[in-house]
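Note sheet for the following structure.
The values are calculated or read from the model by the stated rules, or taken from the named source; none is laboratory data. Predicted model only: the values in this text are computed from it and were never measured. Cβ placement follows ideal geometry from the backbone for every residue including glycine, while neighbour counts extend to all protein chains displayed.
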Amino acid sequence: MITPLGKLRIPPEADETSASFCSRTAFLNGRHARDFCLDFGMHFQKVVDGDPSTLEKLANLTGANPEYLLKSTFRRTADREYWFRGEKIRREGLVRAYLRICPACVADDLQRLTCEEPARPYQRSTWLLSNIRTCSVHNRAITHFPDTISVHNLHDFTTLIHPRLSSIETELARGVARTPSSLETYLCSRLDGTASESHWLSGFRFDAAAKLCETVGAVGIHGIKTRYSSLTEDQLYEAGGHGFEIVSKGARGIRDFLSALQDERSDDKFASGPKKTFSKLYEWLSHESDDSAYDPMRTIMAEHCVETMPLGPGDQLFGKPIPVRKLHSIHTASLETGLHPKRFRKLLQLAGHIGEDSVGVVNDRVLFDAAATQGFIERVVDSLTFKDAAEYINVPRPHDRGLFESGLIRPLSEIDSSLLSQYVFVKSDLDEFLSQLLSTASDLKDGEQGFMGILQAQRRACCAVSEIVKLIMEKKLSRIRKLSGERGFMSVLVDVDEVKPLVRLKDHGGLSLRKTEKVLGVTTGVLNSLIGNGVLAARSAINPTNRCPQTVVDVTDIEAFRKSYVSLIKLAQETGIHFNPLKKILESSKVPLAFDRNVIGSTFYRRDQIPDLH
């Protein structure tokens, strides 16, 4: 049986959290909140989490109304989920990691209440809501104090606010005066039960509605590459109001907003898909959050993308496949049909499916109705023989297109003046191509080693298939064989060791990091530190053999470094003095280190500061 407290008790204030009430009561009784609760057989964390039986014990102890305590408590109902005044709120919507207050509210508490001064200020429940950043009572920005909370004082409001009371007037003087944003006003109306149930955002969880508005507003104000986490409290306040004006209009407002973003990106030839066009907004909904609360926004955005972008079967939006294509672009139709985009553009213009305004527009952005052009595309595809030509010479995809685009196999483009002018590959031209390809090839003999197909050689030599074919056609390869039982392109075998030096790119002239380590006599870590701290210059270059980017150091930069600096070990080698006595000699001569050893990882000196050691 809990014994009620005597005179050292106070009533809970309006909108005071149960944790704050417990904290103030504990202070008046000379205890911290956790110790106070343990004294009476309770756990402070259960007070914080709104456990009904614990709040009832606290109420019996203090004479408070348990229903009153429960009303202003964020009642934990599941992992990272809370209920507050009929609203479900995830942990992300609460601020528990640092102290937030309205200095004007605290000043009023100090003046109005009559208990011991440190116990007068109390924590309003709205101060814990991360998306409410303005005090609606005093029209002031809520102040937050980073790094004010530890595991020992977590949720103990009186303990947290006590050291700040002497500076409340200062906080008042430098605070920002402003009215609550339209988003904050809406959120407060949900908490007091006056929000319209027909409002589009009413179907969203409390914190999700707020986060959606702030994210949309942030993109609208600061651009599509804006990261939510990089914004200040004041910027998020502004973003919330701006986003609320967009999102509160529902699907129409959101689609107008998405269209405006697309218009801003209209000149960007790389921004044809949702990820490029909407950047951080799309990434957030697609990859950074799997919260189903945002599904209505995802649905609107997906419908908008399908209706305004060349997306279809094979594409996905928010992890769901697109069943039906509404729009094609020259690019997507070319990929789907195998038609060359340049030729396909001409055919679309002739048929009237795209207008003169498409001239000069990149392939990704020339859009046309997929259903209306389906029959036309099918006729064009049926009239082409590109696939048959590839099968005839026995070259697999995508290497058939590589041979075509490199000019190694040439079509007779137009065989008549009708609309369905087509690519036609003349058989005699293909025969001539194969004849040249195999003109110097001899049959592979049993036991003959070192030969492989062009596709395998292309991978081993890190080059394009067309490069090897051109070497064969130009008679630059002497070792060519023909594989028995195979035909055409796939029957050709080459010696990759003969191919490699002929396709090797021009040397970049620098030394790899591994070679640089050996030249300087340093470890990998030391070299990385020298480069990372700007002591030794490095640059990116293309490896002439594998054609991959690599970091290299120019010989001139290495020599310049060696002339200016020397490591302790290297100096010991040069002077013949063991490095331990050498180090003592240099220290006694007060020779400074060239670099901070803790930063570089090794001991270096400037050569011009080393005394004569001979």
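Could you tell me which of the residues 299, 226, 277 is hydroxyl-bearing (Ser, Thr, Tyr) and touching a Leu at 6+ places or on another chain (Cβ under 8 Å)?
Every option except 277 fails the conditions.
Output the residues belonging to the stretch 575-614 that are acidic (Asp, Glu) and either modelled with pLDDT of 85 or more or surrounded by 15 or more Cβ atoms within 10 Å (Cβ to Cβ) (or both).
587, 596, 608
What single numbered condition from (1) in contact with a Gly (Cβ under 8 Å, 6 or more places away or on another chain); (2) buried (at least 18 other Cβ atoms within 10 Å of the Cβ) fails to hold for residue 499?
The one condition residue 499 does not meet is (1).
Test residue 15 against the stated conditions and say whether it is in contact (Cβ under 8 Å) with a residue 40 or more places away in the chain, under 28 Å from residue 132 (Cα atoms) and in contact with a strand residue (DSSP E or B) (Cβ under 6 Å, 6 or more places away or on another chain).
It is true that residue 15 is in contact (Cβ under 8 Å) with a residue 40 or more places away in the chain, under 28 Å from residue 132 (Cα atoms) and in contact with a strand residue (DSSP E or B) (Cβ under 6 Å, 6 or more places away or on another chain).
Filtering the stretch 129-179 down to residues that are under 32 Å from the mean Cα position of the chain (by Cα) and outside any loop (DSSP other than H, G, I, E, B), which residue is farthest from residue 212 (Cα to Cα)?
Checked the stretch 129-179; the qualifying residue farthest from residue 212 (Cα to Cα) is 145.
List pairs: first in the stretch 345-357 and within 23 Å of residue 335 (Cβ to Cβ), second of a type outside the set (A, V, I, L, M), Cβ under 6 Å, 6+ apart or cross-chain?
351/376; 353/368; 353/373; 354/368
If you scan the stretch 127-147, which residues turn out to be touching a strand residue (DSSP E or B) at 6+ places or on another chain (Cβ under 8 Å) and among the hydroxyl-bearing types (Ser, Thr, Tyr)?
130, 134, 143, listed by residue number.
Please specify each residue of the stretch 523-544 satisfying the condition of being more than 11 Å from residue 508 (Cβ to Cβ), among the hydroxyl-bearing types (Ser, Thr, Tyr) and outside any helix (DSSP H, G or I).
Answer for the stretch 523-544, where residues must be more than 11 Å from residue 508 (Cβ to Cβ), among the hydroxyl-bearing types (Ser, Thr, Tyr) and outside any helix (DSSP H, G or I): just 523.
Among the residues of the stretch 568-614, what is the count of those that are among the small types (Gly, Ala, Ser) and outside any loop (DSSP other than H, G, I, E, B)?
Counting residues in the stretch 568-614 that are among the small types (Gly, Ala, Ser) and outside any loop (DSSP other than H, G, I, E, B) gives 2.
In the stretch 156-184, what residues are buried (at least 17 other Cβ atoms within 10 Å of the Cβ) and hydroxyl-bearing (Ser, Thr, Tyr)?
Within the stretch 156-184, 158, 159, 181 meet the criteria.
With a cut-off of at least 2 residues that are surrounded by 21 or more Cβ atoms within 10 Å (Cβ to Cβ), name the helices (runs of 4 or more DSSP H) lying wholly within the stretch 1-99.
18-28, 33-39, 44-48, 52-62
Return the pairs, sorted by first residue and then second, in which the second residue is part of a helix (DSSP H, G or I) and of a type in the set (A, V, I, L, M, F, W, C), the first residue lies in the stretch 226-237 and is closer than 16 Å to residue 142 by Cβ, the beta carbons are less than 7 Å apart, and the residues are 6+ apart or on different chains.
231/218; 231/239
Evaluate the following for residue 144: is it on the phi > 0 side of the Ramachandran plot, assigned by TED's automatic domain parsing to the domain that holds residue 49 and either in contact (Cβ under 8 Å) with a residue 40 or more places away in the chain or of a type in the set (Gly, Ala, Ser) (or both)?
In short, no.
Among the numbered criteria (1) in the same structural domain as residue 157 (by TED's automatic domain parsing); (2) within 20 Å of residue 160 (Cβ to Cβ); (3) not charged (D, E, K, R), which one does residue 12 miss?
If we test residue 12 against (1) in the same structural domain as residue 157 (by TED's automatic domain parsing); (2) within 20 Å of residue 160 (Cβ to Cβ); (3) not charged (D, E, K, R), just (1) comes out false.
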